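Since the structure comes first, as structure tokens, the remarks are kept for the end.
Since every read-out is calculated from the coordinates, none of them should be taken as a lab result. In this text, all values refer to a predicted model and were calculated from it rather than measured experimentally. Here the Cβ positions follow ideal geometry from the backbone for every residue, glycine too, while neighbour counts run over all protein chains shown.
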Amino acid sequence: MLHDLESFRAWFFASESMPTGVLRPAAVAPGPDDAWHILRIVEATPKSATDMLVLGSSRARADAVITTGKILREEPDVTVAFPDHARADLEAFRRDVLGENARPLPLPFVLTSGRGFDPGHRMIRDAGGAVVVTNDDGARRLGAQGLPDTITVVAVDEPDIREAVRVAREQFEVGTISIDAGPTAANALHDDPLLVDEVFLAVYEGSLAPDLLGPPFVSRRHLARRFVPASARAAVDEPSGPWTFQRFVHA
Ligand SMILES: NC(=O)c1ccc[n+]([C@@H]2O[C@H](COP(=O)([O-])OP(=O)(O)OC[C@H]3O[C@@H](n4cnc5c(N)ncnc54)[C@H](OP(=O)(O)O)[C@@H]3O)[C@@H](O)[C@H]2O)c1
């Protein structure tokens, strides 16, 4: 029911216009400790067509995506390009929100120490370039490796995801940012002052092999205290099992 963009959009983005901000889509599942854990994205991870739209709509709204070197190494096929079956709809959605002059796809910002960085990764190829946020050692390492002109390296004293947001905003005039980093890096965005404007939460409610659970997402308590629902909570039965989806904005 939510798989076409029109009905998805009427539900997920019903309550308001779409302001500039930091968007954090996350697919999670309850762990044995009952805390939400990020789903590790591997072949066996439960798939969801609705989650593809959730993630696609976050990228469609974004001028930039922040990811990590670890994700690029672990997910050789992860990309900012839209999935084939929803491409035309998501491109139209992007034009609606960002206007005709926006770049066709968000620009990836990669937080990394520079070790094992692949400048030919699919995300960077699809986006036509990237910005790497690292420290001086990382910049030296990447310089020695030799990078194409489409990749800009920014060295900062103490790189972390909050610095990556600052660099994107101040040096690249980026408006909306979609976060595609795991919890080790991205949970720091929830420290004070809170840098996340919207959370797009997908919860897999079925049973799951323990090795598909990644590190903990932010706590339920944090979400309840710092965010308010901006969409109804939708339960969707997918071929992979039961899921629930909800969008939150910061209170
Ligand atoms: N389900 C979902 O919604 C979702 C979303 C995103 C990710 N994931 C999953 O989450 C997992 C990855 O999450 P994670 O928490 O383990 O890792 P992560 O936070 O994505 O990445 C950690 C990496 O970030 C870079 N980094 C962090 N702090 C840095 C600093 N101060 N300076 C330079 N680089 C820094 C390093 O990259 P280098 O190692 O390159 O130096 C580090 O290894 C994957 O399994 C992925 O599939 C799931």
To the nearest 10 degrees, the tilt of helix 161-172 (Cα long axis) against the first principal axis of the alpha carbons of the chain is 70 degrees
Percent relative contact order for the range 1-77, counting Cα pairs under 8 Å at least six residues apart, stands at 28 percent
The set of residues whose placed amide H lies less than 5 Å from the amide H of Val132, leaving out same-chain residues fewer than 5 positions away, is Val110, Thr152, Val153, Val154
Using alpha carbon centers only, the range 193-233 is separated from the range 60-94 by a whole-angstrom value of 20 Å
Toy charge model, Lys and Arg Cβ at +1, Asp and Glu Cβ at -1: the range 57-177 dipole around Cα centroid in debye, rounded to 20, equals 120 debye
Longest principal axis of the chain (C-alpha) makes with the long axis of helix 136-145 (C-alpha) an angle, in degrees to the nearest 10, of 80 degrees
Shape call for the range 31-101, from the Cα gyration tensor axes a ≥ b ≥ c (a/c under 1.5 means rounded, otherwise prolate when a/b beats b/c, else oblate), comes out prolate
Computed over the range 25-156, the relative contact order (Cα-Cα under 8 Å, seq sep at least six) in percent reads 22 percent
Within the range 137-216, DSSP-loop chymotrypsin sites (Phe, Trp or Tyr not before Pro) with at most 13 other C-beta atoms within 10 Å are none
The long-range amide H neighbours of Gly214, using H built 1.01 Å from N in the peptide plane and a cut-off of under 5 Å, are Ile38, Leu39, Arg40
Taking GluC sites (Glu not before Pro) as exposed when in a DSSP loop with at most 10 other Cβ atoms inside 10 Å, the chain has its longest clean stretch at 174-251
In degrees, nearest 10, the alpha-carbon axis of helix 87-98 is tilted away from the dominant principal axis of the alpha carbons of the chain by 80 degrees
Scoring the range 95-251 by relative contact order with C-alpha pairs under 8 Å, at least six apart, yields a percentage of 16 percent
